[in-house]
C-alpha cells in the first residue's frame, strides 16, 4: 500500500512526458503483466505461489496488482531519457530492481512460494516482460527523435 501511494504521488508530480492516452497505457501495462503472470503462475494446476495470505482472490490482491502500474509508468518514463546504447544495461538494472522489490514483498509476506519456486526464477521473467515493454514503447511512442508519434496509439 505504501509503495502504491508513493508511486502515484511520484507520477503526479513528475512533469508530463507522454500524452494522457499513452501514460494510461504505460500505467496499465504493469497492472496487466502483473495480473497475467501472477495468475499464470499462481493458479492450479501449477500454483507456484500464493499472493497475500489466502489462495483465493481478495480486494487486497487487486490493490497489489494496481501497485505495478506506477512501476511500469516509471520504467517507461525513465527509459524515455536513456541512450539507445544503454538499453540492455537499463533492462538488466530494472530487472534486478524488480527482483529486489519482489524479495521485499516475499519477506513481507505478500508472496508465499510453493512447489520449489524460488525468487531467482522471477528474474528472467522480468527480463522478458521489460523487453516486451520496450517493444510497446516504440509502438506507442515511436522513436525518441519523433515524440509526436504518441498520437499513433
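Given the conditions (1) without any contact (Cβ under 8 Å) to a residue 24 or more places away in the chain; (2) within 14 Å of the chain's Cα centre (by Cα), report the number of the one that residue 137 does not fulfil.
Against the list (1) without any contact (Cβ under 8 Å) to a residue 24 or more places away in the chain; (2) within 14 Å of the chain's Cα centre (by Cα), residue 137 comes up short only on (1).
I'd like the full set of residues that are surrounded by fewer than 16 Cβ atoms within 10 Å (Cβ to Cβ) and either farther than 20 Å from residue 131 by Cβ or touching a strand residue (DSSP E or B) at 6+ places or on another chain (Cβ under 6 Å) (or both), limited to segment 90-105.
Within segment 90-105, 103, 104 qualify.
The rows are residues; the columns are (1) at pLDDT 75 or above; (2) surrounded by fewer than 18 Cβ atoms within 10 Å (Cβ to Cβ); (3) under 24 Å from residue 136 (Cα atoms).
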| site | (1), (2), (3) |
| --- | --- |
| 22 | yes, no, yes |
| 28 | yes, yes, yes |
| 36 | yes, yes, yes |
| 39 | no, yes, yes |
| 43 | no, yes, no |
| 51 | no, no, no |
| 54 | no, yes, no |
| 57 | no, yes, no |
| 60 | no, yes, no |
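Out of curiosity, is residue 73 crowded, with 16+ Cβ neighbours inside 10 Å and modelled with pLDDT under 85?
So residue 73 fails the test.
Counting just the residues of segment 65-83 that are without any contact (Cβ under 8 Å) to a residue 40 or more places away in the chain and more than 17 Å from residue 36 (Cβ to Cβ), which one comes out nearest to the chain's Cα centre (by Cα)?
78
The values are calculated or read from the model by the stated rules, or taken from the named source; none is laboratory data. Note that the coordinates shown come from a computational prediction; the quantities given were computed from them, not determined experimentally. Neighbour counts are summed over all protein chains in view; Cβ atoms, including those assigned to glycine, are modelled from backbone coordinates with ideal geometry.
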